[in-house]
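J.: Got a structure for you, written out below as structure tokens; questions coming shortly.
The values are calculated or read from the model by the stated rules, or taken from the named source; none is laboratory data. Quick caveat, the model's predicted, so the values are computed rather than measured. Because the Cβ atoms are built from the backbone with ideal geometry, glycine has one as well, and the counts that use them run over all protein chains shown.
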Amino acid sequence: MYEILLNLFGNEIVAMIVLAAIPLFVFILPFALIAVYLERKVSAFMQDRLGPMRTGYYGILQTVADILKLIQKEDIVPDAADKKLFNLAPYLIFIGSYAAFAAIPFSGMFIGSNIDLGLFYILAISSLVVAAILMAGWASNNKYSLLGAMRSVAQIVSYEIPTAIVILTVVMMTGTLSLHKMSEMQTAYFWNWNLFGGAGEGFQHILLIPFMFVAFIIFYISSLAEVNRTPFDIPEAESELVSGFHTEYSGMKFAMFFLAEYANMFAVSAIAVAIFLGGYQSPFGYFGNVIDVPWLVPFEQFFWFTAKGVFFVLVQMWLRWTLPRLRVDQLMTVCWKYLIPYAILNLIIVGIITLL
């Protein structure tokens, strides 16, 4: 595969980058299709109905049919839109979502880029999503799109603060910004996970447990706002803004916004898993080690990491069909009056315990 890419591009660095990117792309596309199908079935189950049933067995091919429909739809650009920015926005939002996966370790062997500043890189690259949403709303020259974009920027920028404080709390406890190293530090069994105080020993380990639970709850609530999920989906509130910042988009450009949303859902869930729930580590040890087949362990790690991430994606879907949408003032109140002060207080307490 590498030789084919090398002949195609004629540059070793480009060939290696493309080779590293292909597995992630192959993972994200099927995941998005499955997640859309699950979203429909989860919502149907919660509302005591069937959901899609006609296309394929039990409606399993409905999302494939939707993709084929979107591919064939006309690419409409409004006359009054800023065409360059309008066309660039969907690509930029997908790049920001996709690039975040580069530093996420799916197993001990499979990680796009094992950089020491992995968490810092993810926080930085995710800012592209904010720029892309604002670009889409502004370039559409539509008051509903612009209002949705402004809401989204205010929301994401605000909720990045408690997210960063919580990440700083975990970094202070572990001493690293690398998600791979964090996962390795949470090895063996589930009681070594950061959610349960990490791999420390004695009284300090026990003291950290309640504060790490608080940190995890703050992080997960903030992550819902980061990906515009209910109850924080005011940037694309259908009852108020038609469809928010992507009102004017159609065809595959709309599909790229849709794909980026589900990629972001897994990305934030994967980060939560990596920093709190052992990353790719199994909660019960590895079957490959028991039967003395070491090459099986990376596949087990990939399974556990993906399973944990998908579980929290399902929780996001569950919350969407359970909670009502917040008003703009309520959304900002939750962030600035509650999450940020609690996150700062939690950071101070964890810092004191860690020093002691």
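J.: Can you tell which of Phe257, Phe287 is among the hydrophobic types (A, V, I, L, M, F, W, C) and touching a residue at least 40 places away in the same chain (Cβ under 8 Å)?
T.: Details: Phe287 fails: touching a residue at least 40 places away in the same chain (Cβ under 8 Å).
Phe257 is the lone residue from the list that is among the hydrophobic types (A, V, I, L, M, F, W, C) and touching a residue at least 40 places away in the same chain (Cβ under 8 Å).
J.: Quick one: which helices (runs of 4 or more DSSP H) lie wholly within the range 240-347 and hold at least 1 residues that are over 30 Å from Phe110 (Cβ atoms) and not assigned by TED's automatic domain parsing to the domain that holds Arg151?
T.: none
Each row is one residue, and each column tells you yes or no for (1) more than 16 Å from the chain's Cα centre (by Cα); (2) basic (Lys, Arg); (3) at pLDDT below 75.
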{"site": "Phe232", "(1), (2), (3)": "no, no, no"}
{"site": "Pro235", "(1), (2), (3)": "yes, no, yes"}
{"site": "Phe254", "(1), (2), (3)": "yes, no, no"}
{"site": "Phe258", "(1), (2), (3)": "no, no, no"}
{"site": "Glu261", "(1), (2), (3)": "no, no, no"}
{"site": "Ser269", "(1), (2), (3)": "no, no, no"}
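J.: Can you find even one residue in the range 41-60 that is in a helix (DSSP H, G or I), aliphatic (A, V, I, L, M), in the same structural domain as Phe258 (by TED's automatic domain parsing) and modelled with pLDDT of 85 or more? Don't jump to the end; show me each part of the working.
T.: Applying the first criterion (in a helix (DSSP H, G or I)) to the range 41-60 yields 41-46, 57-59.
Narrowing the set further to residues that are aliphatic (A, V, I, L, M) leaves 42, 44, 46.
Imposing the further condition that a residue be in the same structural domain as Phe258 (by TED's automatic domain parsing) reduces the set to none.
Scanning the range 41-60, I find no residue that is in a helix (DSSP H, G or I), aliphatic (A, V, I, L, M), in the same structural domain as Phe258 (by TED's automatic domain parsing) and modelled with pLDDT of 85 or more, so the answer is no.
J.: Could you identify the single residue in Tyr338, Tyr280, Tyr342 that is exposed (fewer than 14 other Cβ atoms within 10 Å of the Cβ), hydroxyl-bearing (Ser, Thr, Tyr) and either at pLDDT 90 or above or closer than 23 Å to Thr176 by Cβ (or both)?
T.: When all the criteria are applied, what remains is Tyr338.
J.: Another question about this same structure. Regarding the range 180-190, can at least one residue be identified that is over 30 Å from Ala255 (Cβ atoms), in contact with an Asp or Glu (Cβ under 8 Å, 6 or more places away or on another chain) and at pLDDT below 85?
T.: no
J.: Could you check how many residues of the range 147-180 are more than 23 Å from Asn114 (Cα to Cα) and either free of Cβ contacts under 8 Å to residues at least 24 places away in the same chain or not assigned by TED's automatic domain parsing to the domain that holds Phe211 (or both)?
T.: 2
J.: Say we look at the range 27-52 and pick out the residues that are loosely packed, with under 13 Cβ neighbours inside 10 Å and more than 18 Å from Ala260 (Cα to Cα); which of these is nearest to the chain's Cα centre (by Cα)?
T.: Residue satisfying both the conditions and the ranking: Gln47.
J.: Could you check Gly118 against (1) surrounded by fewer than 19 Cβ atoms within 10 Å (Cβ to Cβ); (2) in contact with a Ser or Thr (Cβ under 8 Å, 6 or more places away or on another chain); (3) not hydrophobic (A, V, I, L, M, F, W, C) and say which number it fails?
T.: (1)
J.: All but one of (1) more than 16 Å from the chain's Cα centre (by Cα); (2) touching a residue at least 40 places away in the same chain (Cβ under 8 Å) hold for Gly118; state the number of the condition that does not hold.
T.: With respect to (1) more than 16 Å from the chain's Cα centre (by Cα); (2) touching a residue at least 40 places away in the same chain (Cβ under 8 Å), Gly118 is out only on (1).
J.: Out of all the residues in the range 108-116, is one or more farther than 12 Å from Phe245 by Cβ and assigned to a helix (DSSP H, G or I)?
T.: The answer is no, given that none of the residues of the range 108-116 is farther than 12 Å from Phe245 by Cβ and assigned to a helix (DSSP H, G or I).
J.: Could I ask something else about it? Please work out if Leu123 is without any contact (Cβ under 8 Å) to a residue 60 or more places away in the chain and either of a type in the set (Lys, Arg) or within 25 Å of Val26 (Cβ to Cβ) (or both). Please lay out each step first, then the result.
T.: Working: without any contact (Cβ under 8 Å) to a residue 60 or more places away in the chain: yes; either of a type in the set (Lys, Arg) or within 25 Å of Val26 (Cβ to Cβ) (or both): no.
It is false that Leu123 is without any contact (Cβ under 8 Å) to a residue 60 or more places away in the chain and either of a type in the set (Lys, Arg) or within 25 Å of Val26 (Cβ to Cβ) (or both).
J.: Specify the residue that is surrounded by the fewest Cβ atoms within 10 Å (Cβ to Cβ); the eligible residues are those in the range 154-186 that are among the small types (Gly, Ala, Ser) and under 20 Å from the mean Cα position of the chain (by Cα).
T.: In the first step, residues of the range 154-186 are kept if they are among the small types (Gly, Ala, Ser); the result is 154, 158, 164, 175, 178, 183.
Narrowing further to those that are under 20 Å from the mean Cα position of the chain (by Cα): 154, 158, 164, 178, 183.
Numbers: Ala154: 17, Ser158: 18, Ala164: 15, Ser178: 23, Ser183: 25.
Restricting to residues being among the small types (Gly, Ala, Ser) and under 20 Å from the mean Cα position of the chain (by Cα), the top hit is Ala164.
J.: Follow-up question, since we're still on this one. Anything in the range 126-153 that is touching a Ser or Thr at 6+ places or on another chain (Cβ under 9 Å), surrounded by fewer than 23 Cβ atoms within 10 Å (Cβ to Cβ) and not in a loop (DSSP other than H, G, I, E, B)? List them, or say none.
T.: Result: Leu128, Val130, Leu134, Trp138, Tyr144, Leu146.
J.: Continuing with the same structure: For the range 294-310, how many residues are without any contact (Cβ under 8 Å) to a residue 12 or more places away in the chain and surrounded by 13 or more Cβ atoms within 10 Å (Cβ to Cβ)? If you could, list the steps in order and put the result at the bottom.
T.: Of the residues in the range 294-310, the ones without any contact (Cβ under 8 Å) to a residue 12 or more places away in the chain are 294-296, 303, 307.
Among the residues that remain, those that are also surrounded by 13 or more Cβ atoms within 10 Å (Cβ to Cβ) are: 296, 303.
Count: 2.
J.: So if I check each of Thr55, Thr63, which one is touching a residue at least 24 places away in the same chain (Cβ under 8 Å), among the hydroxyl-bearing types (Ser, Thr, Tyr) and either buried (at least 19 other Cβ atoms within 10 Å of the Cβ) or over 27 Å from Gly112 (Cβ atoms) (or both)?
T.: Testing whether each residue is touching a residue at least 24 places away in the same chain (Cβ under 8 Å), among the hydroxyl-bearing types (Ser, Thr, Tyr) and either buried (at least 19 other Cβ atoms within 10 Å of the Cβ) or over 27 Å from Gly112 (Cβ atoms) (or both) leaves just Thr63.
J.: Which residue pairs have Cβ atoms under 6 Å apart, sit 6 or more places apart or on different chains, and have a first residue in the range 322-349 that is among the small types (Gly, Ala, Ser) and a second that is surrounded by 13 or more Cβ atoms within 10 Å (Cβ to Cβ)?
T.: Final answer for the pair search is Ala343/Pro162; Ala343/Ile165; Ala343/Val166; Ala343/Ile218.
J.: Give the residue, chosen from Met265, Met252, that is in contact with a Lys or Arg (Cβ under 9 Å, 6 or more places away or on another chain) and surrounded by fewer than 19 Cβ atoms within 10 Å (Cβ to Cβ). First the steps, then the outcome.
T.: Numbers: Met265 fails: surrounded by fewer than 19 Cβ atoms within 10 Å (Cβ to Cβ).
Result: Met252 is the single residue among Met265, Met252 that is in contact with a Lys or Arg (Cβ under 9 Å, 6 or more places away or on another chain) and surrounded by fewer than 19 Cβ atoms within 10 Å (Cβ to Cβ).
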